[in-house]
């Protein structure tokens with residue numbers, strides 16, 4: 001959760017595996033890519049972007065990762081790439097994004113904020129450490145996951161939920177992944193993205209949250225179709 005991740009996926013499966021193994025390998029590669037993107041999106045909402053985080057993209061592996069994002073949703077991720085590409089970003093831009101992060105996610109914006117917790121969007125008024133926090137605590141316990149010592153946030157923080165989704169993408173059944181999406185992501189992330197869009201001064205977190213919602217909707221649809229190809 002500390003920094004954006006980049007993929008390291010083998011491209012030689014087709015040449016060396018049988019058709020059945022090739023299909024399994026392609027699924028494994030796709031799940032790895034899904035996990036990488038979920039973790040990366042989670043990292044954007046965990047901490048302010050820093051020069052070191054941006055420098056990670058100024059490498060061959062980093063550029064390959066940006067290309068992977070474009071393959072997922074060209075329009076939305078083109079906007080994100082404009083912000084995270086080290087050739088485009090500046091120290092002034094990073095400072096501006098830091099201000100947006102504080103206003104949106106750390107409460108500095110007051111009513112013009114976008115709390116990154118599911119509990120804040122449940123019920124008529126929403127409150128932190130609500131039922132969603134308890135449900136996520138159970139999920140983490142069942143998966144044997146612990147909250148990082150250097151990330152003192154409730155269990156229903158968006159970054160923690162996306163870390164869990166990344167793990168499930170590589171280890172859980174389609175049914176389990178759909179259940180997690182339906183319980184912990186879809187119920188509140190569209191409203192979260194709307195608040196980001198309304199109150200984000202520079203547009204980065206509005207684009208990131210919109211990309212996240214789009215990816216989750218597409219991902220859920222693909223998972224459901226993999227269970228019933230007729231859909």
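FYI, it's all coordinate maths here, none of it is from the lab. For clarity, every value in this text was computed on a predicted model and none was experimentally measured. Note that each Cβ is placed from the backbone with ideal geometry, even for glycine, and that neighbours are counted across all protein chains shown.
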- Message: Take residue 111 and residue 146, extend 7 Å from each Cα along the Cα→Cβ direction, and tell me the distance between the two endpoints in nm.
- Response: 4.2 nm
- What's the extension gain from residue 60 to residue 179 if we count 0.36 nm per residue and subtract their Cα-Cα distance? 39.2 nm
- Once the Cβ-Cβ distance between residue 202 and residue 170 is put in as r, and R0 is 22 Å, what FRET efficiency do you end up with, to the nearest 0.05? 0.10
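Determine the relative contact order of region 13-227: mean sequence separation of Cα pairs under 8 Å and six or more apart, normalised by residue count, in whole percent.
Value for region 13-227: 26 percent.
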- Honestly region 13-227 on the Cα gyration tensor test (a ≥ b ≥ c root eigenvalues; a/c under 1.5 rounded, otherwise a/b vs b/c for prolate or oblate) is just oblate
